[in-house]
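Visitor: Here it is, the structure in full.
The values are calculated or read from the model by the stated rules, or taken from the named source; none is laboratory data. Every value quoted in this text rests on a predicted model; they were computed, and no experiment measured them. Note: ideal-geometry Cβ built from the backbone for every residue, glycine included; neighbour counts use all protein chains shown.
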Amino acid sequence: MRAPLRIAAIEPYAAVSHASFLKQLARASRHDVELLTLPARHWKWRMRTSAVHFAREVRERGPFDGYFVSDYLNLAEFLALLPPELACKPAWTYFHENQLTYPLQDGEARDVHFAMTHYYSVLTSRRSLFNSDYHRTSFFDALEELAAGASDVDLCTDLAAARARADVVPLGTDLARGTPRPLRAGAAPVILWNHRWEYDKDPERFVDALVELDRRGRDFEVRLLGQRFRSMPPAYARVVEALGERIVGDGFCADGAAYRAALDGAHIVASTARHEFFGLGTLEALRAGLYPVLPNALAYPELLPASAHGLLYDPDGDVTDALEAALDALAVCGESPGWRTALVEHTDRFSWSNVASSFDAVFADDAANSTRRPT
């Protein structure tokens, strides 16, 4: 086995989820993954200027055997600012999200200059890595459409080569495998919401479905664990007012043990998202044994085995009907059947022991076959 590599993991926008991902990767990897980060503030400035900051850090703390950077870094600028002996090392861009296909709010215009930052990064990356195939495919489709509109310059030929170098390595979880829970006699099933309270997760549609479920006279309770911010969408106040007596948990769980206990006390995980490049919260709920009420769209099918895709609802369909179908299934399934256990077992592929080996293979293979310019 080759000696471990020293990898600089560069994150200009170290939000909680991004920082947690890198810390878990550093713990699970056989390589020496050293974190270089900036706080999660001023994301536009981070994309414009962080290359200068991190080039300076690498010059001071190097040499490294490679650079694992997030989509917030302009990799081309970063490598151009390094001396040749440091710039020749392989670099990988990991896309948690992107500024080309991320959904806009009403009245918001997309700044294509940030998309062009991604363009230069994928051209410069030894390999671009994405958290899901849905993310990779939708990103390159949109980027190729943008590139085709450039005046007098062929941007598509090099982009096709960059697409061929793009791979999928999902996020990992260190959550222990759970057990699907049957309903206790007389107990109400608990529906879990563990998504951010922001427009791209479409909480209004979720609350509409719950209110209608209540109107239909169904027995259920609700647990609201999603991360919340200073400005909350109207859907939150509406669900508290309409269904306050049904809410059995309300608050973001920063503590891991409390979060796991909250998952273990729920039966159904639901999503109405308009955007999901991976869905770590949903993965964690599936691993804990919850029944999925998820749209057959975005990255969600990749979290389930193909045999379970029939559980996914039509993204244009009625969410209340999907929730009712889940309640009916839980009511008649009795002791946990094998197919629900299979959903949990499928999540083993996302355990950090498996995911870290995929990252390690990328790092080792590309370092062994390193060239200054991707081919």
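Visitor: Residue under question is ASP65, and the condition is that it be within 21 Å of ASN98 (Cα to Cα) and among the acidic types (Asp, Glu); does it hold?
Guide: no
Visitor: Can I ask one more? Which one of these is more than 25 Å from ALA162 (Cα to Cα) and buried (at least 20 other Cβ atoms within 10 Å of the Cβ): ALA40, ALA8, ALA14?
Guide: Answer to the check: ALA14.
Visitor: Can you list the helices (runs of 4 or more DSSP H) found entirely within the range 29-118 that contain at least 3 residues being modelled with pLDDT under 95 and over 21 Å from TYR199 (Cα atoms)?
Guide: none
Visitor: Restricting the search to the range 145-164, which residues are closer than 27 Å to GLU302 by Cα, among the small types (Gly, Ala, Ser) and surrounded by 18 or more Cβ atoms within 10 Å (Cβ to Cβ)?
Guide: Hit for the range 145-164 is ALA162, nothing else.
Visitor: While we're on this one: Just to be sure, is HIS31 touching a residue at least 24 places away in the same chain (Cβ under 8 Å) and closer than 22 Å to GLY279 by Cα?
Guide: So HIS31 fails the test.
Visitor: May I pose another question? In the range 292-329, what residues are among the aliphatic types (A, V, I, L, M) and either part of a loop (DSSP other than H, G, I, E, B) or at positive phi (or both)?
Guide: Of everything in the range 292-329, those that are among the aliphatic types (A, V, I, L, M) and either part of a loop (DSSP other than H, G, I, E, B) or at positive phi (or both) turn out to be LEU294, ALA297, LEU298, ALA299, LEU304, LEU312.
Visitor: Follow-up question, since we're still on this one. Suppose we filter LEU312, LEU283 for residues that are modelled with pLDDT of 95 or more, touching a strand residue (DSSP E or B) at 6+ places or on another chain (Cβ under 7 Å) and within 19 Å of ARG196 (Cβ to Cβ); which single one remains?
Guide: Sole residue among the options that is modelled with pLDDT of 95 or more, touching a strand residue (DSSP E or B) at 6+ places or on another chain (Cβ under 7 Å) and within 19 Å of ARG196 (Cβ to Cβ): LEU283.
Visitor: When ALA19 is evaluated against the numbered criteria (1) modelled with pLDDT under 95; (2) under 24 Å from the mean Cα position of the chain (by Cα), which criterion, by number, is the only one it fails?
Guide: The number of the failed condition is (1).
Visitor: So how many residues does the range 194-239 have that are over 26 Å from GLU97 (Cβ atoms) and assigned to a loop (DSSP other than H, G, I, E, B)?
Guide: Final tally of qualifying residues: 5.
Visitor: Looking at HIS275 and the list (1) out of contact with any helix residue (DSSP H, G or I) (no Cβ under 6 Å at 6 or more places or on another chain); (2) not in a helix (DSSP H, G or I), which single condition is not satisfied?
Guide: Unmet condition: (1).
Visitor: Let me ask another. Please determine, by comparing only the residues of the range 190-215 that are more than 27 Å from the chain's Cα centre (by Cα) and within 18 Å of ILE268 (Cα to Cα), which one is surrounded by the most Cβ atoms within 10 Å (Cβ to Cβ).
Guide: By that ranking, first place goes to LEU213.
Visitor: Something else about it: Which condition from (1) within 19 Å of the chain's Cα centre (by Cα); (2) within 26 Å of ALA356 (Cβ to Cβ) is the one that PRO103 breaks?
Guide: Failed condition: (2).
Visitor: Residue check: is ASP328 loosely packed, with under 14 Cβ neighbours inside 10 Å, modelled with pLDDT of 95 or more and not assigned by TED's automatic domain parsing to the domain that holds ASP158?
Guide: Against the criterion (loosely packed, with under 14 Cβ neighbours inside 10 Å, modelled with pLDDT of 95 or more and not assigned by TED's automatic domain parsing to the domain that holds ASP158), ASP328 does not qualify.
Visitor: Can I ask one more? Is one or more of the residues making up the range 260-270 out of contact with any Pro (no Cβ under 8 Å at 6 or more places or on another chain), surrounded by fewer than 21 Cβ atoms within 10 Å (Cβ to Cβ) and over 28 Å from ALA329 (Cα atoms)?
Guide: Checking the range 260-270: not a single residue is out of contact with any Pro (no Cβ under 8 Å at 6 or more places or on another chain), surrounded by fewer than 21 Cβ atoms within 10 Å (Cβ to Cβ) and over 28 Å from ALA329 (Cα atoms).
Visitor: I'm checking my understanding of the structure. Among residues of the range 110-144 that are among the hydrophobic types (A, V, I, L, M, F, W, C) and touching a strand residue (DSSP E or B) at 6+ places or on another chain (Cβ under 6 Å), which one is surrounded by the fewest Cβ atoms within 10 Å (Cβ to Cβ)?
Guide: Within the range 110-144, the match that is surrounded by the fewest Cβ atoms within 10 Å (Cβ to Cβ) is LEU129.
Visitor: Could you tell me whether any residue of the range 187-202 is among the hydroxyl-bearing types (Ser, Thr, Tyr) and not assigned by TED's automatic domain parsing to the domain that holds VAL344?
Guide: No, there is no match, as no residue in the range 187-202 is among the hydroxyl-bearing types (Ser, Thr, Tyr) and not assigned by TED's automatic domain parsing to the domain that holds VAL344.
Visitor: Based on this model, can you work out whether ALA288 counts as crowded, with 18+ Cβ neighbours inside 10 Å and touching a Gly at 6+ places or on another chain (Cβ under 7 Å)?
Guide: yes
Visitor: Out of SER370, SER351, SER358, report the one residue that is of a type in the set (Gly, Ala, Ser) and either at pLDDT below 95 or surrounded by 18 or more Cβ atoms within 10 Å (Cβ to Cβ) (or both).
Guide: SER370
Visitor: Could you please tell me which pairs satisfy a Cβ distance under 8 Å, a separation of 6+ or placement on different chains, a first residue in the range 277-296 that is not assigned by TED's automatic domain parsing to the domain that holds THR320, and a second residue that is of a type outside the set (D, E, K, R)?
Guide: Here the result reads none, with nothing in the range 277-296 linked to a residue that is of a type outside the set (D, E, K, R).
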